[in-house]
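Let me begin by presenting the structure, written as structure tokens, before commenting on it.
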Amino acid sequence: MKQTNENMNKRESLIKDLTANIIDSAKDIVKETESQEVTKDIHIEVTNRLNYETNSLLNEVVTKLSPSIVDINIKEQPEGRKFERFGKNFRSQHMLMFVSVIILIITGMPLKFPEFGISKFVIISMLGGLENSTLIHRIGAVGLIIVGVWHLIYIIFSRVGRRDFFLMIPNLQDAKDAIQTIQYYIGKRAKGPKFGRFSFIEKFDYWAVYWGMIIMIGSGAIMWYKELFPKYAYDIGREMHSDEGLLATLAIVVWHFYNVHFNPEVFPMSWIWWHGQLTESEMKHHHPLEYDEIMKKESEEIINKSKSEGEN
Ligand code: HEM
């Protein structure tokens with residue numbers, strides 16, 4: 001509560017400052033134009049300038065205050081009902097995947113950048129030499145292969161897995177949402193788009209991993225069993241593995257970590273990978289279209305149930 005009051009005071013004083021700035025700018029422009037003949041053109045110029053100032057200051061307010069607004073809207077609301085977003089099966093896949101990928105990055109990157117001091121520290125001091133480090137890399141690889149096969153089985157044979165896979169397929173609405181999000185970030189729209197179960201950002205995350213896994217497992221297997229392949233296949237495989245490995249690491253550290261750790265809405269971390277649940281306010285805020293769908297379905301079920309009870 002104390003935090004909320006502080007945030008409100010901060011907001012008020014910032015808005016006062018910004019408003020004073022706008023008025024000052026307007027006064028300056030009016031002074032400049034006093035000596036001149038006030039023509040229609042100047043009037044339009046002054047109005048445009050004021051519009052521009054108000055717009056950019058408003059953007060500044062929104063940017064500076066967004067973490068505190070989110071604080072008030074999401075974190076401090078009573079939690080109410082919980083919605084299960086990810087079931088146990090999917091969460092277990094994700095856990096095995098991140099453990100494997102962390103192992104693969106720690107043991108793979110020093111091979112790509114052997115000249116760095118930290119690479120020598122990781123391979124020699126931490127892991128006890130190259131032999132151990134390549135063995136651990138292969139253990140991580142087996143973990144990733146298991147996740148890949150497990151996920152394929154999940155999206156083919158589980159009802160929820162199949163549903164989520166189809167919902168993950170990008171469509172025209174995602175392109176529109178991406179454009180509207182950019183417009184919102186640069187202040188051209190008052191509100192961002194509303195998302196359903198998966199936003200275009202989450203779809204991008206999913207397909208980047210999907211594609212990355214195919215490349216990493218395929219090229220890694222060629223390197224692992226190089227005696228079965230011609231030399232040029234090994235060279236191509238190594239190049240792909242090395243470059244895609246760096247790209248995957250950067251995608252995880254920059255894109256994925258921002259979305260699930262550093263984004264002010266979830267900082268220091270979204271715990272959904274652990275409990276799989278969203279509160280009602282998180283659901284309304286992040287997936288309003290899915291929330292509406294669930295509500296509609298539930299009320300239809302209630303109506304149908306009471307109808308059939310009335311008939312009996
Ligand atoms: C996120 C997943 C992975 C990352 C980030 C990763 C990263 C890397 C990197 C950076 C290298 C060094 C390449 C170079 O010398 O330039 C490497 C080597 C290697 N990787 Fe991976 N890798 C991943 C997954 C895999 C998988 C799934 C396999 C096996 C199927 C695999 C097998 C190998 C092998 C055999 C080598 C050659 C060095 C060695 O024998 O240990 N990697 N990896």
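The values are calculated or read from the model by the stated rules, or taken from the named source; none is laboratory data. Since the model is a prediction, treat every value here as computed from it, not as a measurement. We place every Cβ from the backbone using ideal geometry, glycine too, and count neighbours over all the protein chains shown.
Among the residues of the range 226-235 satisfying the criterion of being part of a helix (DSSP H, G or I) and away from the ligand (no atom under 13 Å from the Cβ), which is farthest from the chain's Cα centre (by Cα)?
Going through the range 226-235, the residues part of a helix (DSSP H, G or I) turn out to be 226-228, 231-235.
Next cut, away from the ligand (no atom under 13 Å from the Cβ) only: 231-233.
Values: K231: 40, Y232: 38, A233: 35 Å.
Here the answer is K231.
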Exercise for the section: State which residue is farthest from the ligand (Cβ to nearest atom) when the search covers only the range 98-147 and only residues that are of a type outside the set (G, A, S) and in contact with a Phe, Trp or Tyr (Cβ under 8 Å, 6 or more places away or on another chain). Expected result: F98
Practice task
Within the range 240-259, work out how many residues are over 30 Å from I272 (Cβ atoms) and either buried (at least 17 other Cβ atoms within 10 Å of the Cβ) or within 8 Å of the ligand (Cβ to nearest atom) (or both).
Solution key: 3
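Quick check on L250: is it modelled with pLDDT of 95 or more, hydrophobic (A, V, I, L, M, F, W, C), under 22 Å from the mean Cα position of the chain (by Cα) and part of a helix (DSSP H, G or I)?
Details: modelled with pLDDT of 95 or more: no; hydrophobic (A, V, I, L, M, F, W, C): yes; under 22 Å from the mean Cα position of the chain (by Cα): yes; part of a helix (DSSP H, G or I): yes.
Taking the combined requirement at face value, the residue does not satisfy it.
From M223, M269, M295, M216, which residue is of a type outside the set (S, T, Y) and within 18 Å of the chain's Cα centre (by Cα)? Give the derivation first.
Numbers: M223 fails: within 18 Å of the chain's Cα centre (by Cα); M295 fails: within 18 Å of the chain's Cα centre (by Cα); M216 fails: within 18 Å of the chain's Cα centre (by Cα).
Within the list M223, M269, M295, M216, the selection yields M269.
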Fill in the blank from the handout: Residue pairs qualifying under the 6 Å Cβ cut-off, at least six apart or on distinct chains, with the first in the range 231-249 being farther than 13 Å from G218 by Cβ and the second being in a helix (DSSP H, G or I) and more than 6 Å from the ligand (Cβ to nearest atom), are A248/G212
Fill in the blank from the handout: When the range 194-216 is checked residue by residue, the ones that are modelled with pLDDT of 95 or more, within 12 Å of the ligand (Cβ to nearest atom) and surrounded by fewer than 17 Cβ atoms within 10 Å (Cβ to Cβ) are I214
